[in-house]
Structures are given as C-alpha cells and as structure tokens.
Amino acid sequence: MSILAGRNYGSRTFFYIAGNEDFGLDGEKFSEWAKANVPKFVLIQDYSFSGNQVELDQLKQRWDNVGRENRHELSVEDQTILIVLDLAQINVDDFVEKGTTADGRTIRQFDKRSASAYLTKQFQRLWTQKKVKFDIDVDGPTLNIFAEDEVVGFPVRLYRRSTGFRWYVSFAWKFTHASGGDFKNCILLLEEPGVHLHYSGQRDLLRVFEDLSSKNTILYTTHLASMVDQANPERVRIVESRNNHVAINHGVVSSQAAPMAVIEASLGLTSDLSGMLGNRKVLIVEGGTDALILNKLSGILSRGGKTGLSDQIYLWPAATSTKAPMYAAFAIGQRWDAGVLLDTDESGQVARQKINEMNLKELSAAEGYEFRVLMLAETSGVKKTDVAIEDLFPDDFFLGCVNRAYGIAIRPEELPVDGSTLISKRVEVILKERHGRSLDKKKVLAEMLKVFDSWKNIADLPKGTIIPAEKLFKAINAAFKIAEPEA
C-alpha cells in the first residue's frame, strides 16, 4: 500500500492511494483517514520573485488563457503573485471587477488593508531579523507591493529591495501558502535555500529551520559551507555519485573532494591546514579562549619543570561546545589521531551525549581506532559539579578580571552558592541583578591577557592553579599515549 501527498510549486498538487484493497479496507473511509493524517510535502525549488508591479487584468487574462485548472502552467512569477493574492484572500476576478466602479474601488481599499496586515503577520513568523510591514497598493488594475522596515520608517517598492530579502519573502509566503498557514506536520523540501542571502542571513535561516523543526521535517540541499549546521552533524547526509549511481553517506566524511570542500570550509579548514592536522595528534577544544589559556598554562608549567601539554598535540578550537561534535565527527571520519576536551557543564554533557549517539565510538572501534572524549572536571580534578576552562584558576582570579573589565567591585562572599558552580555563571548572576548587564567573556579575556603577559615563571601563577593544570595536561598526554619525559 502506498500513500503520497504533496505540493510542488511549478507542478501539480497530487494525492495518490494504492493497494488498500489488499487489506480489506473501506476505500472511502480509508481515503478520508489518509487525507487527514498523511503529512503535507512542500517542495520549493524556484524562489524567484521580482516584486515588480503587476497588471491584474493582464494576469487574469494569462490565467484564463491557460485555464484556471492549469495554474501550474503560468510563469513562476505569475504563480508567486497568485500565491500572494491567495494569502491575502484577494480574488483576482473580484479585484479587477471592483476596479471598474468608484464604490468598488473604495471597498477594495479596505480589502487591501486587511490583506496587507495578514501578509505582514505571516512573514514575521518566519523572519525575525527586524520588523517589516507590507502594504499592497492597487491603482486601477496596477498592483504594487511595498515593504517598510521599522528602523527606516518609509515604504520601498519590493522590487527595489535586495535579492536576498525578496528570496526570503518568496520562501516565507510560498511555505505559508502551501501549509495553509499551519506549518505543523509539513515536510518541507528546499533546494539550495539561502543562496542569495548574506552570511548573517544564512545563519538566521538556520535558526528559522531549527524553530520549524519542532513541528516539521525539513530536508534541504546546499553547497554553501555557511548552511551546514555545525551544531547538528548527525543530521548531515552527503550525496555522492558512485559508478553512475547515487549514494548517501551518513556523516560528514566523503571520499570525494567536492563535498569535503564544503565540510572543510564550514570548519574553517584550508586544504593545507587539513593536511597538517591529519599528521598531528589533535585535541579539539570548545573555543579559542580554551586554546589560549591551555597554551599559556602549558608554557609556564613546562618552563617550571612541571608537566605541560606535549608539543606533539595540536589544539583545534571549535566555535562552541555545541559545534564540537561536528569537529569530532570530521576527525573520526578522517581517522585522525584525535580527541575532544569538553567543559563539565550542561552544554558539555549534551555535546558528549551527541558524540556517543552518533555512534562515533563504535565507528572508530570497528577498525581499532580510538577517539578520546575528555571531560574537564575528571581530567583536572577540580572539585566542582560544573567546571569550565576558567575554573582551572581560583575564583578570586576570575572575579578580579571581571571587576577590572567592568570597573566594579564584586566581593567573593557576594557570589551565590546555589545553582551552577561555574565561576562565570555565579558572577553573571551578580552582574545582572546589581548592574543589569550580561557577562561578556571577551572583555574578561582582555583583562586576563594583560595578566598573562606579566607571568614569567611558575611562581607568578595564581595559588591553586598548578595542581589542576598539571593534572589536566598529564591526563591529556596519557590519553594520546605520550610517555612522561624522564626527570
């Protein structure tokens, strides 16, 4: 038995049921159930929308010529305009007819205001960058669409807006139209979305997809590195051509150069850097701050006769802990001699779980390959429930950097004892409650760097830093099977 239902812009809507007679089912009742329960497939291939003015009487004539039942035979531009009119609950025939009389034109003004408000509301559900108001203006048979940014404060004809903005308008309205305004249970299929958007627009589009994914299944193809969702590598599938057949790879590794160029670019890898990392022992850390702090501590400890990070190990910063699994998946797929160091906090635990759920350990063990997942609390011995890289230092050191960065004077005894044991989280509570500010770690790091520059030998390190730092480096070296140097 097969059940298919869908809508493809540029083609017909279809619904097909076959094979139900083999199960002795009542065909009519079965069809009613299927139509109510089969998810809607929405395929959007062409996003073009010029936003140019439209002569409604000419649009009506073109539609009449192909036949009202053959709407799919119209140009993509005409189809898009009809979608906009459908959303706005504007009947082309009715609008053209009303334009022939004075009373009709007055009534039409009220209709277009209602339509403009609805289009604005539906667009705002999928566009969160800034508030935009749409206005449908009709003068005689001529229809224009205006878009007004709240910040700018005056309307601009849609065709004068950027290609990226018009792409987003086309996507938002087509998807709204196809789902009947109710996105729930829609399976959205997109071909190369975001190609006309700038980088920040593409990242915003990924956030829109993430929001929609709570109620929808979304499948999209892309050749854009910025449209690869680093936080969810388990969702990535690479399409290859093998022996004149299509093959699907589950994961972020391919034997072919073209898809790997996209993955490497998304991770900030050039071909020469990728080659270098492939010949080193690589430890993925959560970000650049982690790498900077670890390198500084390692250098000071090594010069002081203590154990530092082996010079055989290269620190590879991921953008955040949420993106660390993407880096891990790539390293494992390439069979790099690698591991990852994660904070012992909620986001670090989520990252570890995601790595495990991707079956990376099983994948690596199949060939006797080992990928290490190290947690900061376990490897450093810091006695806190939650541990981040700054917790290698005593609390008063980090607090002092915060006070200098913000020109304030928070005392250690004022820090909350409930909730997270992370020093950064505890400090942020006071910052918000007393000063109405969020913690900007970049500002704090700037103060840290000033202090780092003053450290020349092991005696300069804050009290209590040496033991957890050295224990951490010993654990990392041991995980990579690097022997301790002889005394």
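Our summary gives the chain a relative contact order of 10 percent, counting only alpha carbon pairs under 8 angstrom and 6 or more residues apart. When the chymotrypsin sites (Phe, Trp or Tyr not before Pro) in region 392-487 are filtered for DSSP coil states and for at most 16 other beta-carbon atoms within 10 Å of their beta-carbon, the remaining sites are TRP455. Once the Cα atoms are used to define both axes, helix 27-37 deviates from the longest principal axis of the chain by about 50 degrees. Centroid-to-centroid, using Cα positions, region 72-99 and region 288-346 are 57 Å apart. Arranged from fewest to most other beta-carbon atoms within 10 Å of their beta carbon, TYR220, TYR168 become TYR220, TYR168.
The overall shape of region 54-164 is oblate: from the C-alpha gyration tensor, with semi-axes ordered a ≥ b ≥ c, the ratio a/c is 1.5 or greater and a/b is no larger than b/c. Computed extension length for ASP211-VAL246: 9.6 nm, one decimal, from 0.36 nm per residue of separation with the Cα-Cα distance subtracted. For the chain, the longest principal axis of the Cα atoms and the long axis of helix 395-406 meet at an angle of about 50 degrees. Ordered from longest to shortest, the equivalent ellipsoid semi-axes for region 109-255 are 35, 16, 14 Å, each the square root of 5 times a Cα gyration tensor eigenvalue.
What pairs from LYS98/LYS133; LYS133/LYS323; LYS442/LYS471; LYS323/LYS384 go past 31 Å between their alpha carbons? The pairs that break the limit, which is 31 Å between Cα atoms, are LYS133/LYS323. Measuring nothing but how far apart in sequence close Cα pairs (under 8 Å, 6+ apart) lie, relative to its length, region 54-164 scores a relative contact order of 21 percent. Checking the cross-link pairs LYS306/LYS441; LYS383/LYS425; LYS354/LYS463; LYS40/LYS121 against a 27 Å limit on the alpha carbon distance flags LYS306/LYS441; LYS354/LYS463 as lying beyond it. Between 0 and 90 degrees, rounded to the nearest ten: what's the tilt of helix 56-66 against the longest Cα principal axis of the chain? Long axis of 56-66 versus the principal axis of the chain: about 80 degrees.
Per residue, the Cα convex hull of the chain amounts to 225 Å³. Computed about the Cα centre, the dipole magnitude for region 54-164 is approximately 540 debye when only Lys and Arg (+1) and Asp and Glu (-1) carry charge, each at its Cβ. Among the trypsin sites (Lys or Arg not before Pro) in region 319-409, those placed in a DSSP loop whose Cβ has at most 16 other Cβ atoms within 10 Å are ARG335, LYS383.
In what order do VAL285, VAL253, VAL156 fall by count of nearby beta-carbon atoms within 10 Å, going from fewest to most?
The fewest-first ordering by Cβ neighbours comes to VAL156, VAL253, VAL285.
Magnitude of the Cβ-charge dipole of the chain, K/R +1 and D/E -1, about the Cα centre, nearest 20 debye?
I would put it at about 1060 debye.
Along the axis of the charge dipole computed for the chain (Cβ charges of +1 for Lys and Arg, -1 for Asp and Glu, origin at the Cα centre), the listed residues SER48, SER310, GLY201 are led at the positive end by SER310. Among the trypsin sites (Lys or Arg not before Pro) in region 185-231, those located in a DSSP loop and surrounded by at most 13 other Cβ atoms within 10 Å of their own Cβ are LYS215. Per-residue ellipticity at 222 nm from helix content only, as computed over the chain with -39500 (n - 2.57) for each DSSP H run of at least four residues, stands at -13500 deg cm²/dmol.
Here, each number is a calculation from the coordinates, and none is a lab measurement. Since the structure is predicted, the reported quantities are computational estimates derived from the model, not experimental observations. Note that we place each Cβ from the backbone using ideal geometry, even for glycine, and neighbour counts take in every protein chain shown.
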